[in-house]
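K.L.:
Can you keep this structure in mind? I'll have questions shortly.
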Amino acid sequence: MTLEDYILAHSDEEGELLAALNRDAHVNILRPRMLSGHLQGRILKMFCRMLRPQRVLEIGTYTGYATLCLAEGMPEGSVIHTLEINDEMEDFIRKYIDQSPHREKIRLHIGDALELIPQLEETFDLVFIDADKRLYAEYYDLIFPKLRPGGVILADNTLWDGKVVEETPASDKQTLGILAFNEKIKQDERVEKVILPLRDGLTMIWKK
């Protein structure tokens, strides 16, 4: 048994719907490794249990795995707006949202997040960023005014397979995007922040 196996064996199960989504993604979706998965999914749910957010924004739906985990932990009457740029994913996402007992909490938006975010007339308690790494800093600037004081941003993949501590070629725009985002957050005195070494790095950002 690996350490990760032990952790999962002593954490809550992901449930039948998420397990089915995971299997389906690994058979039918390109780059299934990108979905949040069991451990991170339980952590996202736990964040929502603790923070009890009424309004959540997710940038980058992909398969909807993280969306369902966030919704599972959110209180009744709350809403999560999830944004996905790839319209070819819509049928896959909706198939699993429609089966979820938390589907009434979820609002799926298909389109470019840079265009969609300004159209959302909401003040958010929690934002989860897991989309185009090249644009993390731009997403941050757009969502910051829409995040309430005391609200939290969770940014995924901020260690980027350890590439953040390696020499980065000019052609590697994704790593450069993550590096720029991490530096931006480091210098931003409006927030408190910490990077968790979870999977590929998860940054917690608290707005003062």
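Any read-out appearing in this document is the output of simple, stated calculations on the displayed coordinates, not a laboratory observation. It should be emphasised that the depicted structure is a prediction, and the values quoted were computed from it without experimental measurement. Positions of Cβ are generated from backbone atoms using ideal geometry, with glycine treated the same way; all protein chains shown enter the neighbour counts.
K.L.:
Just subtract the alpha-carbon distance of residue 103 and residue 27 from 0.36 nm times their residue separation and send over the number in nm, one decimal. Walk me through the intermediate numbers first.
P.N.:
On the way: separation 76, 0.36 × 76 = 27.36 nm, distance 2.40 nm.
Gain on stretching residue 103 to residue 27: 25.0 nm.
K.L.:
What are the ³J(HN,Hα) couplings of the stretch 59-67, residue after residue, when phi is run through the Karplus curve with 6.51, -1.76, 1.60 and θ = phi - 60°? Round to Hz, x for glycine and proline.
P.N.:
Rounded to whole hertz, the list is 9, x, 6, 6, 8, x, 4, 5, 4.
K.L.:
Show me the trypsin sites (Lys or Arg not before Pro) within the stretch 147-205 that DSSP assigns to loop and that have at most 12 other Cβ atoms within 10 Å of their Cβ. Write down the numbers at each step before the final one.
P.N.:
Details: sites: 163, 173, 184, 186, 190, 193, 199; in loops: 190, 199.
Passing sites in the stretch 147-205 are 190.
K.L.:
Quick check on the stretch 3-207: of the DSSP beta bridges with both residues there, what percent are antiparallel, nearest 5%? Write down the numbers at each step before the final one.
P.N.:
On the way: 11 of 30 bridges.
DSSP beta bridges in the stretch 3-207 are roughly 35 percent antiparallel.
K.L.:
Name the residues whose placed amide hydrogens come within less than 5 Å of the amide hydrogen of residue 54, ignoring near sequence neighbours (fewer than 5 apart) on the same chain.
P.N.:
Here the answer is 125, since their amide H atoms fall under 5 Å of that of residue 54.
K.L.:
What lysines does residue 208 reach when the alpha-carbon gap must be under 22 Å and sequence neighbours fewer than 8 apart in one chain are set aside?
P.N.:
Here the lysines satisfying the reach criterion relative to residue 208 are 146, 184, 186, 193.
K.L.:
Pull out a ≥ b ≥ c, the square roots of the eigenvalues of the alpha-carbon gyration tensor of the stretch 30-84, then state rounded if a/c is under 1.5, prolate if not and a/b is larger than b/c, and oblate in the remaining case. All intermediate terms of the calculation are to be shown ahead of the outcome.
P.N.:
Working: a/c = 2.88, a/b = 1.50, b/c = 1.93.
Oblate, since a/c reaches 1.5 and b/c is not below a/b.
K.L.:
Each residue of the stretch 133-141 in order: what ³J(HN,Hα) in whole Hz does its phi give by Karplus 6.51 cos²θ - 1.76 cosθ + 1.60, θ = phi - 60°, with x for Gly and Pro?
P.N.:
5, 5, 10, 3, 5, 5, 4, 4, 5
K.L.:
Each residue of the stretch 86-100 in order: what ³J(HN,Hα) in whole Hz does its phi give by Karplus 6.51 cos²θ - 1.76 cosθ + 1.60, θ = phi - 60°, with x for Gly and Pro?
P.N.:
The phi angles translate into 8, 5, 6, 8, 4, 4, 4, 4, 5, 4, 8, 4, 5, 8, 7 Hz.
K.L.:
Going by a ≥ b ≥ c, the root eigenvalues of the Cα gyration tensor, does the stretch 3-207 fall in the rounded group (a/c under 1.5), the prolate group (a/b larger than b/c) or the oblate group? Walk me through the numbers on the way to the answer.
P.N.:
On the way: a/c = 1.35, a/b = 1.17, b/c = 1.15.
Note, shape of the stretch 3-207 comes out rounded.
K.L.:
Based only on other Cβ atoms within 10 Å, what is the fewest-to-most ordering of 106, 59, 185?
P.N.:
Values: 106 24, 59 28, 185 19.
Taking fewest neighbouring Cβ atoms as first place, the list is 185, 106, 59.
K.L.:
Under 14 Å from the Cβ of residue 101, count the other residues' Cβ atoms, weight Lys and Arg +1, Asp and Glu -1, and hand me the total. Could the numbers behind the result be given before it?
P.N.:
Numbers: positive: 45, 103, 105; negative: 16, 72, 76, 98, 104.
So the environment of residue 101 carries a net charge of -2.
K.L.:
If we count other beta carbons within 10 Å of each Cβ, what is the order of 88, 14, fewest first?
P.N.:
Numbers: 88 10, 14 22.
Least crowded to most crowded, the residues run 88, 14.
K.L.:
May I ask you to compute the full-extension gain from residue 164 to residue 119, defined as 0.36 nm times their residue separation minus their alpha-carbon distance, rounded to one decimal in nm? Walk me through the numbers on the way to the answer.
P.N.:
Details: separation 45, 0.36 × 45 = 16.20 nm, distance 3.28 nm.
Answer, rounded to one decimal: 12.9 nm.
K.L.:
Within the stretch 45-85, report the GluC sites (Glu not before Pro) that DSSP leaves as loop and that have at most 13 other Cβ atoms within 10 Å.
P.N.:
76
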